[in-house]
Amino acid sequence: MRVGNGLVKLVGLCLLAGVLVAGMLFPTVGALGVVSNRASDTVDATSADLVTTDPPLMSVVEDKNGKPIAYLYQQYRVNTPSDQISDVMKAAIVAIEDRRFYQHDGVDWQGTFRALLSNQVNGSVSQGASTITQQYVKNYQVLVAGRDDKSAQEQAQAQTVARKLKEARVALQLEKKLSKDEILTRYLNLVTFLGRVDGIGTASQVFFNTTPKNLTLSQAALLAGVVNNPVSFDPWQHPAAAKKRRDTVIDAMVTTGKITTDNAEAAKKADLGVGPEPQLPGSGCVGTAPEVGFYCDYVLGYLQEAGFNSDQLQTGGYVIKTNLDPDISKIAKAAAEKNVPKTANGIANTFVIIKPGSQSHDIAALVANRDLGVDSAQGQTLTNLPADVSDNFGAGSIYKIFTTAAAMEKGQVGLNTGIPNPKTFCFFPPIRYPETKCHTVANDDATNPDPITLHEALAISPNTSFTNVEIGATMPSVLDMASRLGMRNTMKTNQAGGKPDPNGANELTTQPQSQSMQNNLSFTLGVTPLSPLELANVGATLASGGVWCEPNPIAAVTDHTGKAVPLNTPPCEQVVNKAVADTIVNGLKDDTISGTSVAAARNAHWTRPMAGKTGTTETSRSVGFLGILPNWSASSMVFADGSTPEPICGTLPVHSSPNCAGANGAFGGTVAAPTWFNAFTQIVGNSPVLPLPNADPAYMDKKDHGPAIPYVVGKNVGDATNALKGAGYNIVQTADFNSIAPKGTVVGQTPIGSAPHSQSITLYVSTGFVPQAPGATSPAPTTGGTPGG
């Protein structure tokens, strides 16, 4: 019986060897040739992918100083070049996994036939004899090619002759395309060492808080040993097994002649050397430091709009350096929480700080009293309160800036212009129907002078005077000015703060604010939803001499090779001329001296020149303060954010109540401004005092400023060009800009406003799509590692 079984197994071995040889040769005749050619094509494609496609690499988000603030990954891996991996690490992995690595051509024939014999005798095909090159092929199939396909992962690990055959063919090809050192380096960067810890770079850090370059002999041996089975040889869960495996690796290194016996004995006496069981950082922005969560979330959305997809960010190995200032962000976060506690019931305090500039408006801080997270009981939310159109109740009188700019640009008012300012007045909307009734507007302070100069009005913020100015400027001009100066996403939302809904009940939900407010004079009173970030950017536009730039969270993006990755971001635009911007900033300088924020400034011992504007909504569900320095702009918004919004009270501590509207309600100067002054007394410290720009004499009084360039953003490029030429501006240039706006739509314009007819105008025209950023990959879920063999 034994002789019979031996003969059967011997015949089976011969047949198997024949299949292997035939498979390696892949004859190309007859029907077998067709099958063979298809298989060969698959092998060629696989080997090509192995050469050209990187494994999933972890991306890191950094602050402006280069310190990591968040990680994005599916597999916790970084790429480590060969010269940054120690020779002892390479020697250890070769000794234990493939000691004939430098002698074979990708397949160790001696080991393969020995394994075939053993497998036939034992009745299985589980014993490996796989070379490092073959292991690299298999791990690649699981961790890279098959990471979004469970079936492919199972096939890549199936203990079948067919899988081994393909693996061997690919390994042979790979060794013709890559050097031994390249294969070894790629292998070490690919394989799993522990749970989600993939690659030698992260393994060195997680196990020993070191780098691959600085691994010791005992450390390298431990890492080489766990590759075979990251679960069984986990040094935290199975320290005895891990030590035994490490010592086996050390002995193997003696056998290969890489170390001496004395070196081996000394290394085996060393402890495992691992620290406390590691807690890997989460992937994404939830769980990051409280002062960076919303900033991080905004960065991800910003990059996705610029052409990155989520999978790409989690696998591309990017270094995303942001403009987040860690010191300023901590100060801002503390100020917001001091003003409104994190767990305050139904009240949010957002605080956004932007650095103005003619080339970029860098975001230094983007915080709220809330944290980014899922536990509402702990004051967390997944809504990006400071960046999104999250304040559904308005900015109050801060919006009078838009009315001022529109009227000043038209020459209808200057800072010295007297404006009618009755205590109350009933205003009719611009478009009247027979049934149209007037709407009564009242001032809060009965002592307001009538008439009042625009300069005085900007400080004490009477309602009737600005409604008069709004009528003269016209609603289309005021609404356009809001978009021009920075409220671009805000003006595209409906009056519920969301995307216009074609199936909505009325124009308040079906239309964007830029349309639904065309006949509503309450716009200048700041009654519509807004983004606190965009409001801060309005101040940055004015402080930049009328140059709008998109709020910018990104300093630079580089790929895993260190190559800069260009971003699809809109160019800056001159949206009002410098004279208008400077005059408005100068006109806002009295808010802290004789205006609505004087008490907050005095309490903070603030003496520096600055521009400021407070805002208070009629129902006290939202109050705000926009503060502008020559080198900073920041908005502080305090608003109801609970499921049952209530008015905010004007007494400390900040709280809400159904009885706090009207005289008892909060004001921007008393509730929102303290956050600003608390933070900026620390931010500016003893730095030099910078003066505000001077008001331009041409804008001190009502005056005709000559022709003005029409605002044509949102129009078809043909209609926009005709509108400009119809206004006397014949020098029109166009530049393509990648945008999801319909192709041919003008999405940007520079300059805008008062200018001679000889002024050249550039229109940025949508291509209709945003191309995927370099290095994009197809979506794929996280997968586990694969042991060697």
Notebook entry, point to check: GLY706: in a loop (DSSP other than H, G, I, E, B), at positive phi and in contact with a His (Cβ under 7 Å, 6 or more places away or on another chain), yes or no?
Noted result: no
Margin query: Looking at the structure I just gave you, is ASN722 over 25 Å from VAL580 (Cβ atoms), out of contact with any strand residue (DSSP E or B) (no Cβ under 6 Å at 6 or more places or on another chain) and not in a loop (DSSP other than H, G, I, E, B)?
Written below: yes
Note to self: Condition check: buried (at least 17 other Cβ atoms within 10 Å of the Cβ), without any contact (Cβ under 8 Å) to a residue 40 or more places away in the chain and in a loop (DSSP other than H, G, I, E, B). Does GLN518 satisfy that?
What the structure shows: no
Notebook entry, point to check: Looking at the stretch 102-128, which of the residues that are in contact with a Leu (Cβ under 8 Å, 6 or more places away or on another chain) and either assigned to a loop (DSSP other than H, G, I, E, B) or modelled with pLDDT of 90 or more (or both) is surrounded by the fewest Cβ atoms within 10 Å (Cβ to Cβ)?
Noted result: ASP105
Next item on the list: Residue by residue through the stretch 579-591, note down the ones that are over 13 Å from ARG608 (Cα atoms) and over 32 Å from the mean Cα position of the chain (by Cα).
Entry: ALA579, VAL580, ASP582, THR583, ILE584, ASN586, GLY587, LEU588
Next item on the list: Being closer than 22 Å to ALA266 by Cβ and either among the aromatic types (Phe, Trp, Tyr) or touching a His at 6+ places or on another chain (Cβ under 6 Å) (or both) is the filter here, so list the residues in the stretch 195-236 that pass it.
Entry: PHE207, PHE208, PHE233
Check: Out of (1) under 32 Å from the mean Cα position of the chain (by Cα); (2) more than 23 Å from THR403 (Cβ to Cβ), what's the single condition that is false for MET610?
Finding: (2)
Next item on the list: With the checklist (1) touching a helix residue (DSSP H, G or I) at 6+ places or on another chain (Cβ under 9 Å); (2) modelled with pLDDT under 95; (3) under 17 Å from ILE419 (Cα atoms); (4) of a type outside the set (Ser, Thr, Tyr) in hand, flag the one item ALA496 doesn't pass.
Entry: (3)
Checklist line | Test: LEU385 is under 25 Å from ASN65 (Cβ atoms) and touching a strand residue (DSSP E or B) at 6+ places or on another chain (Cβ under 8 Å) | finding: no
Notebook entry, point to check: Do you know which residues across the stretch 197-226 are of a type in the set (D, E, K, R) and surrounded by fewer than 21 Cβ atoms within 10 Å (Cβ to Cβ)?
Noted result: LYS213
Notebook entry, point to check: Could you count how many residues in the stretch 557-582 are modelled with pLDDT of 95 or more and on the phi > 0 side of the Ramachandran plot?
Noted result: 0
Next item on the list: Test GLY539 against the stated conditions and say whether it is over 26 Å from ALA735 (Cβ atoms), crowded, with 16+ Cβ neighbours inside 10 Å and not aliphatic (A, V, I, L, M).
Entry: yes
Next item on the list: List the number of the failed condition for GLU534; all other conditions in (1) over 18 Å from GLU573 (Cα atoms); (2) under 21 Å from the mean Cα position of the chain (by Cα) hold.
Entry: (1)
Next item on the list: Look at the stretch 585-623 and say how many of its residues are closer than 17 Å to VAL638 by Cα and part of a strand (DSSP E or B).
Entry: 7
Note to self: For the stretch 196-213, give me each residue that is in a helix (DSSP H, G or I) and out of contact with any strand residue (DSSP E or B) (no Cβ under 8 Å at 6 or more places or on another chain).
What the structure shows: GLY201, SER204, GLN205, PHE208, PRO212, LYS213
Notebook entry, point to check: From the set of residues in the stretch 305-328 that are within 11 Å of the chain's Cα centre (by Cα) and part of a helix (DSSP H, G or I), which is farthest from ALA70 (Cα to Cα)?
Noted result: GLU305
Next item on the list: Inspect all residues belonging to the stretch 416-425 and state whether any of them is crowded, with 18+ Cβ neighbours inside 10 Å, aromatic (Phe, Trp, Tyr), on the phi < 0 side of the Ramachandran plot and not in a helix (DSSP H, G or I).
Entry: yes
Checklist line | Single unsatisfied condition, ASP375 versus (1) of a type in the set (D, E, K, R); (2) within 30 Å of THR288 (Cβ to Cβ); (3) crowded, with 19+ Cβ neighbours inside 10 Å | finding: (3)
Check: Which residues, counting only those in the stretch 492-514, are part of a helix (DSSP H, G or I) and either exposed (fewer than 15 other Cβ atoms within 10 Å of the Cβ) or hydroxyl-bearing (Ser, Thr, Tyr) (or both)?
Finding: THR509, THR510, SER514
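The values are calculated or read from the model by the stated rules, or taken from the named source; none is laboratory data. Computed from a predicted structure; not experimentally measured. Cβ sites come from the backbone with ideal geometry, for glycine too, and all protein chains shown count toward neighbours.
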